[in-house]
Amino acid sequence: MRFPDWRPEAPLQRIHLDWLDRAGIELALLRLDLVDEFVSGNKWFKLTPYLHLAADLGLRGVMTLGGAHSNHLHAVAAAGARFGFETVGLLRGEEQDNPTVADLQQLGMQLHWLGYGGYRRRHEADFWTPWRERYPQLLAVGEGGGGLRGAQGCSPLVTQIRHQLGGIGWDDYQQLWVACGTGTTLAGLVLGERGAHPVVGTMAVPPGHGVETQVPELLREAGATNAGYRLIDASRGGFARIDTTLAHFILATETECGVPLEPLYTGKLLLALHDEIAAGRIARGTRIVAIHSGGLQGRRALDEKLKTLAAQRV
């Protein structure tokens with residue numbers, strides 16, 4: 001395969017919300033959801049170093065892992081269809097139909113359903129052995145595009161932010177926020193900041209599910225210190241768990257500022273930011289940049305649930 005030398009730029013957009021204005025805090029979103037309709041969000045940036053490696057090794061594509069609603073698998077399949085490389089997806093659980101799976105098939109990704117037990121083996125040392133034997137022409141990429149290469153692919157996002165500050169009338173910012181599933185993007189932003197600004201990671205998974213150990217491991221592997229970031233539990237009790245408070249917040253925020261959100265990552269990030277401000281933990285006058293990490297394709301299967309919950313009283 002040839003490396004697809006595509007370098008998308010995400011716009012930096014000021015966001016105005018009543019609760020921010022009352023607190024005297026300014027917010028800008030790096031809109032990774034707008035880099036592309038299909039290869040959306042932070043996924044391309046994590047994937048790029050692996051595509052470089054695959055091309056250097058003379059391979060024909062990648063095989064990787066994810067769930068039935070995976071934004072990562074969706075972006076990989078879309079990139080493969082656009083740039084002409086092979087893709088294989090190893091999926092958690094039993095075979096099912098949903099909008100994401102339909103897209104994966106239409107985009108030409110070869111799917112294998114591992115069940116839940118088979119998927120839990122993904123961290124075992126010999127997990128990839130039979131798949132490499134079956135697909136020797138493909139590079140194995142870990143779940144979500146994780147690992148040091150994935151983190152390093154996200155570091156240039158800091159440069160994208162800095163280059164656009166003047167365009168929104170800012171000369172600097174005080175905090176950088178990002179949602180965390182594995183912690184890969186967070187680690188990449190810490191590497192990109194090099195201590196210039198603190199990075200806040202809002203965990204989409206509950207404590208104890210790996211982010212707390214993954215981030216320092218990636219930073220140590222990169223030869224960096226563990227300083228410069230902190231974690232907040234934004235999971236609301238579980239990955240992909242949605243409650244009435246979150247549903248109300250997302251729909252109200254979309255109505256007020258016009259930015260589409262999803263309830264797993266960016267929606268929970270903004271609610272965590274709201275709660276930190278309400279608790280008085282962020283000073284008036286603070287300027288914050290937050291990463292809109294995309295993932296809107298995954299919302300299709302959750303729209304009805306959001307609307308049902310939002311119709312209930314908080």
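The values are calculated or read from the model by the stated rules, or taken from the named source; none is laboratory data. No experiment lies behind these values; they were computed from the predicted model shown. Neighbour counts run over all protein chains shown; Cβ positions are idealised from the backbone, glycine included. When the accessible area is computed, the model is the full protein with side chains, heavy atoms only, and any ligands, DNA or RNA have been set aside. Shrake-Rupley method; radii C 1.70, N 1.55, O 1.52, S 1.80 Å.
Observations on the model:
- Taking each residue of segment 1-19 that is over 15 Å from H163 (Cα atoms) and modelled with pLDDT under 95 and looking for partners that are of a type in the set (A, V, I, L, M, F, W, C) and in a loop (DSSP other than H, G, I, E, B) with beta-carbon atoms closer than 7 Å, six or more apart or interchain, yields M1/L59; M1/F85.
- Within segment 125-161, the set of residues being open to solvent by less than 40 Å² (accessible area, probe 1.4 Å) and over 22 Å from L111 (Cα atoms) comprises G147, L148, G150, A151, G153, C154, S155, L157, V158, Q160, I161.
- Just so you know, in segment 1-57 the residues that are among the small types (G, A, S) and assigned to a helix (DSSP H, G or I) include one that is surrounded by the fewest Cβ atoms within 10 Å (Cβ to Cβ), and it is A55.
- Qualifying residue in segment 95-104 (condition: touching an Asp or Glu at 6+ places or on another chain (Cβ under 6 Å) and open to solvent by 20 Å² or more (accessible area, probe 1.4 Å)): no
- Any strands (runs of 3 or more DSSP E) falling wholly within segment 135-236 and containing at least 1 residues that are closer than 20 Å to L27 by Cβ and in contact with a helix residue (DSSP H, G or I) (Cβ under 9 Å, 6 or more places away or on another chain): 175-180, 199-203, 229-233
- Restricted to segment 255-274, and to residues there that are free of Cβ contacts under 8 Å to residues at least 40 places away in the same chain and over 19 Å from A240 (Cβ atoms), the residue that is most open to solvent (accessible area, probe 1.4 Å) is T255.
- Condition check for Y229: over 15 Å from the mean Cα position of the chain (by Cα), open to solvent by 10 Å² or more (accessible area, probe 1.4 Å) and among the aromatic types (F, W, Y): yes
- Segment 278-294 residues that are charged (D, E, K, R), paired with ones that are open to solvent by 10 Å² or more (accessible area, probe 1.4 Å) and in a helix (DSSP H, G or I) (beta carbon under 7 Å, 6 or more apart): R284/A23
- Within segment 295-314, considering residues that are under 24 Å from the mean Cα position of the chain (by Cα) and small (G, A, S), the one surrounded by the most Cβ atoms within 10 Å (Cβ to Cβ): G295
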